[in-house]
Each structure stands twice: as C-alpha cells, then as structure tokens.
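Dumping the structure here so I can ask a few things about it.
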Amino acid sequence: MRLTVFNGSNRGKASNTAILLEQFLAGFIEQAANEYETLYLIHEKDQTRCVEAFKEAETVLLAFPLYTDCMPGVVKTFIEYLEPLCGRDGNPALGFLVHSGFPESVHSHFVRRYLEKLSRRLGCRCLGTVIKGGSEGIRAQPERMSRKLFRLFFELGRIFGKTGQFDKKIVGQFARPVRFSKLGLLGARLGAKMGDMLYWNRLLKKHGAYDKRFARPYEPDKQ
Ligand SMILES: Cc1cc2nc3c(=O)[nH]c(=O)nc-3n(C[C@H](O)[C@H](O)[C@H](O)COP(=O)(O)O)c2cc1C
C-alpha cells in the first residue's frame, strides 16, 4: 500500500500529531511492500503541491489536532483547495486521525461527521476517523508515560498496513471516555485545577501572554 499522510498540526514536526503518526507509520511499514510520504501542511507554502499529492495518492491519512471543536486553519485551507477534485474519478481512499486536548472523544464527534460528509463530497471511499482525546501532554511527558498509547498506535498502523482498515477494537479503546462519568468529571476538574492549570499557565508565561489570559478581543465593545 502507498500511503500519503498529511500532518495538519500548526506545530509541524514538533507536534503531538507527528509523534502519534510516527508510531502508526512504524507499524504500517512492518509490511515490507508498504511505503508512505508525509506532508506537513504548515510548512507547505504552495498548496498546489499538497493538492497534487492528494490527486496522485492511492490512500490518504489526514491527521490533525482538534482546534475549537473543529480543525486548524491550515487544514481547512487545504480542504478548500481540494474543491476542484470533488467527484473526480480515481480520488484516493481517505482516513482521518483527530486528537484533542480534552480527554472525552465527544468533542470530536461533530468534526467526524464533517469529515465523513467531506469524503462523500469528494467521492472518496471513507476509511473512518480515529479519535483520541487527551493528547496535549504527549510531547511534554516522559516517553514511558505514553508507552501503552504508542504500542496501540503501532498496532493500529500495523493492522492498517495489512488490511487497509482501522482496527475497530483499538479505535473503540481510543474513543473512551466518550463523556466523563460524574466521578470522572470530578477527578478531571481536580486534575485541571492542579496539573493542567500549571501547565497552561507555564505556556502562557513562556509566550508572554499570561497577563492577557482573560482577554476577550472579540467582545463587541472592545473592538
Ligand atoms: C488554538 C487551539 C484550539 C484548540 N481547541 C481545542 C478544542 O476545541 N478541544 C480540545 O479538546 N482541544 C483543543 N486544543 C488542544 C489541541 O487539540 C491539543 O493540544 C493537541 O494535542 C495539539 O496537537 P499538536 O501538538 O499535534 O498540534 C486546541 C489547541 C489550540 C492551540
């Protein structure tokens, strides 16, 4: 199988998307005849190169982080550039990986519906959407904390490389929790107060945005 991968993270090669793809692709090339090419949408100044790669692809994996319950602008721009390919004969089979900061997969359900509709409009066979919540920590935490996750992504890629399908069992595992139980929610809130806030505040400080963390630039009277 020849797989064309589009990494839709604004962080490009330093992204959680790249880390998850690395594991998936290591599994994918377990089949000696398999090959892949990865394009980073954020680094592509010329969208026509991405459109050409899509046009020539046999199978496409579009992977991106959830941004405001949807997708980063670079992904939306890329999708809009695909419009001339709608309904074209020979469009590639199309699969998606969406991962998010929030651990609950429900946040990605609407974008999954959008992606299925997109596949129909393009006339691509849809291979489905892998959803994984709770991805923000991956880049920052020691590798041993992600060992199980990496093993599953490797396995997902290995099975995909063999069958051309996402393994339903692993996809189901990734999708949990869909929503937190009441107890889970309590735990998550506590975790957010203690751990996440420290993490995000550190990032805000690093980028000189800490003092503006409650800013509402789009509020009507501020414009
Ligand atoms: C501008 C922006 C918007 C985001 N919106 C959401 C969101 O709506 N829901 C969510 O669960 N995570 C959201 N996230 C978190 C990212 O999905 C998460 O941090 C992800 O791991 C980033 O992956 P990357 O390193 O591949 O870019 C957002 C992050 C950014 C920077």
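Nothing in this text is a laboratory measurement; each read-out follows from the coordinates by a stated rule. Since the model is a prediction, treat every value here as computed from it, not as a measurement. We place every Cβ from the backbone using ideal geometry, glycine too, and count neighbours over all the protein chains shown.
Tell me, Kirkwood radius of the chain from alpha-carbon pair distances, in Å?
Numbers: mean 1/r = 0.0536 Å⁻¹.
Evaluated over the chain, this radius sits at 18.7 Å.
Sort S100, S181 so the one with the fewest other Cβ atoms within 10 Å of its own Cβ comes first.
If I rank by nearby Cβ atoms, fewest first, I get S181, S100.
Still on this structure, I have one more. Dipole of the chain, Cα-centred, from +1 at each Lys and Arg C-beta and -1 at each Asp and Glu C-beta, to the nearest 20 debye? Display every interim value, and only then the final one.
Values: 36 positive and 23 negative charges, 196 e Å.
Dipole magnitude for the chain comes out near 940 debye.
Further question on the same structure: Picking from Y67, F28, T48, whose Cα lies most toward the positive end of the charge dipole for segment 26-77 (charges on Cβ: Lys, Arg +1; Asp, Glu -1)?
Y67
So what's the Cα pair-distance distribution over segment 76-191, bin width 5 Å, in %?
Result, from short to long distances: 2, 10, 17, 19, 18, 15, 10, 6, 3, 1, 0 percent.
Using bins 5 angstrom wide from zero, how does P(r) for segment 1-126 break down, in % of all Cα pairs?
2, 11, 21, 25, 22, 13, 5, 0
Collect residues whose amide H, placed 1.01 Å from N in the peptide plane, falls under 5 Å from the amide H of G128; neighbours closer than 5 in sequence don't count.
Amide H neighbours of G128: F96.
Now, a different point. Can you tell me what share of the DSSP beta bridges in the chain is antiparallel? A percent to the nearest 5 is fine. Walk me through the numbers on the way to the answer.
Details: 1 of 25 bridges.
Roughly 5 percent of the beta bridges in the chain run antiparallel, per DSSP.
Give the residue from G157, C124, C86 lying farthest towards the positive end of the charge dipole for the chain; charges sit on Cβ (+1 for Lys and Arg, -1 for Asp and Glu) and the dipole is referred to the Cα centre.
Towards the positive end, the residue furthest out is G157.
Using the Kirkwood radius over C-alpha pairs as Rh, can you work out the diffusion coefficient of segment 84-129 via Stokes-Einstein at 10 °C, viscosity 1.306 mPa s, in µm² per second? Let's see the in-between values first.
Details: Rh = 11.4 Å.
Rounded to a whole number, D works out at 140 µm²/s.
Would you mind ranking C124, C70 by Cβ crowding within 10 Å, fewest neighbours first? Don't skip to the answer; put the middle values down first.
Details: C124 22, C70 15.
Exposure proxy ranking, most exposed first: C70, C124.
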